[in-house]
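> Mind having a look at this structure? Questions to follow.
The values are calculated or read from the model by the stated rules, or taken from the named source; none is laboratory data. Please read these numbers as outputs of a predicted model, since none were measured by experiment. Using ideal geometry, Cβ is built from the backbone for each residue, glycine included, and neighbour counts are taken over all protein chains shown. In case anyone asks, the SASA skips ligands and DNA or RNA and just uses the protein heavy atoms, side chains included. Shrake-Rupley method; radii C 1.70, N 1.55, O 1.52, S 1.80 Å.
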Amino acid sequence: MKEQLNGIKIKAEQELAAVAGLKELEDLRVNYLGKKGELTSVLRGMGGLSAEERPIIGQLANEVRNLLEASIEQAKTELINKEREARLKAEVIDVTMPGKIQGMGRRHPLSMVLNQIKDVFIGLGYEIAEGPDVELDYYNFEALNIPKDHPARDVQDTFYIKDNILLRTQTSPVQIRVMENKKPPIKIICPGRVYRSDAVDATHSPIFHQVEGLVIDRGVTMGDLVGTLQLFAKSIFGEDTKIRLRPHHFPFTEPSAEVDISCWTCGGKGCRVCKNEGWIEILGAGMVHPKVLEACGIDSEVYSGFAFGLGVERVTMGKFYIDDLRLLFENDLRFLKQF
Ligand code: PHE
């Protein structure tokens, strides 16, 4: 019987080494340890043993069973891990790949426009900065000169995680984060997702994208801002594009302006796209408020700068004559395949 047990042990180990799948492993377990398994039948036969032999063979049989159980368990873990690794390998997404859509040669229209915008500013020597989507009230509002009871908060109602933690309503908080950590000269753009508690319609979405620009140095003037935006508008909408600044109010810039560009369809004569105005608003801008600079530890007597923020959806819709914002988020391939 001893030999029989040792034989089972050796045979089982050999078979175990050759097992390639979980199903095979389970079959092996049943073959040895199951009700009608080889080891089980040996144990059944122990009744015929003498009183001296029984404990010795019994112990050996237990050892073989424990060993088999442990080896099967280990083989099972290894197989599961191997399978998981193979699956993970197959599922890997290369985030450095360009944002191509499966089955299409091109990109999502928002990515196309965002890349164009980035190219323009990288060409002008700007760096790209990023900040968190889940933001502190301090960065999204307070440090931008929008205190708790300021009416500017009404038009940027958002989703609150806690009293002082929210989904950012604008990319402007990244300005503050950058200014806190870097001394001038600063020249950055910050593209990113922003959130507002707006109901979805053809021109509104609770999630959209902005690109913020910030330049801080000695002697930066409004003229630099105008020149920069002019170049930007021409690069994105064509050489003949003009820009127009209208006085406006943003708490974190002074003076502030809303910036229109001449209609890309009619060139300014007036048409359906510009609602006969000849101009289309695409961004907000201004000279960074001294209070904002000081709050970030930058001497406003020495340094000045400008900031601007533009909506990526607005620009994309303009460039491609898209008349409903929802098309950009629905991922309907009939729409996306056109780009
Ligand atoms: N953050 C502003 C908005 O979302 C836009 C803006 C950015 C205005 C920078 C001025 C300077 O409305």
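> For Ile189, work out the one condition from (1) surrounded by fewer than 21 Cβ atoms within 10 Å (Cβ to Cβ); (2) within 14 Å of the ligand (Cβ to nearest atom); (3) of a type outside the set (Ser, Thr, Tyr) it doesn't fulfil.
It fails just one condition, (1).
> Within the range 114-167, restricting attention to residues that are touching a Leu at 6+ places or on another chain (Cβ under 7 Å), part of a strand (DSSP E or B) and not hydrophobic (A, V, I, L, M, F, W, C), which residue is most open to solvent (accessible area, probe 1.4 Å)?
Tyr160
> How many of the residues making up the range 192-214 are within 11 Å of the ligand (Cβ to nearest atom) and either hydrophobic (A, V, I, L, M, F, W, C) or assigned to a loop (DSSP other than H, G, I, E, B) (or both)?
Total meeting the criteria: 5.
> Can I ask one more? Are there any pairs with C-beta distances below 8 angstrom linking a residue in the range 178-193 that is more than 18 Å from Gly125 (Cβ to Cβ) to a residue that is in a strand (DSSP E or B) and not aliphatic (A, V, I, L, M), with the two at least 6 apart or on different chains, and if so which?
Hits for this filter: Gly192/His209; Gly192/Gln210; Gly192/Glu212; Arg193/Phe208; Arg193/His209.
> I'm told Gly297 meets every condition in (1) surrounded by 15 or more Cβ atoms within 10 Å (Cβ to Cβ); (2) more than 16 Å from the ligand (Cβ to nearest atom); (3) in contact (Cβ under 8 Å) with a residue 12 or more places away in the chain except one. Can you identify the failing condition by its number?
Failing condition for Gly297: (1).
> Let me ask something else. Which residues, taken from the range 8-32, are open to solvent by 80 Å² or more (accessible area, probe 1.4 Å) and within 45 Å of the chain's Cα centre (by Cα)?
Ala17, Lys23, Glu24, Glu26
> Evaluate the following for Val220: is it touching a strand residue (DSSP E or B) at 6+ places or on another chain (Cβ under 8 Å), surrounded by fewer than 22 Cβ atoms within 10 Å (Cβ to Cβ), in contact (Cβ under 8 Å) with a residue 40 or more places away in the chain and assigned to a loop (DSSP other than H, G, I, E, B)?
In short, yes.
> Tally up the residues in the range 327-339 that are in a loop (DSSP other than H, G, I, E, B) and exposed (fewer than 15 other Cβ atoms within 10 Å of the Cβ), please.
Step one: filter the range 327-339 for residues in a loop (DSSP other than H, G, I, E, B), giving 331-332, 337-339.
This time we only want the ones that are exposed (fewer than 15 other Cβ atoms within 10 Å of the Cβ), so: 331-332, 337-338.
Total satisfying the criteria: 4.
> A follow-up question, please. When only residues in the range 232-263 that are charged (D, E, K, R) and part of a strand (DSSP E or B) count, which is farthest from the ligand (Cβ to nearest atom)?
Restricting to residues being charged (D, E, K, R) and part of a strand (DSSP E or B), the top hit is Arg244.
> Output the residue which, of all residues in the range 168-186 that are closer than 13 Å to Ala307 by Cβ and in a helix (DSSP H, G or I), is nearest to the ligand (Cβ to nearest atom).
Within the range 168-186, the match that is nearest to the ligand (Cβ to nearest atom) is Ser172.
> Further question: Test Arg326 against the criterion of being modelled with pLDDT of 95 or more and away from the ligand (no atom under 16 Å from the Cβ), and give yes or no.
Working: modelled with pLDDT of 95 or more: yes; away from the ligand (no atom under 16 Å from the Cβ): yes.
Considered against the rule, which asks whether it is modelled with pLDDT of 95 or more and away from the ligand (no atom under 16 Å from the Cβ), Arg326 comes out as yes.
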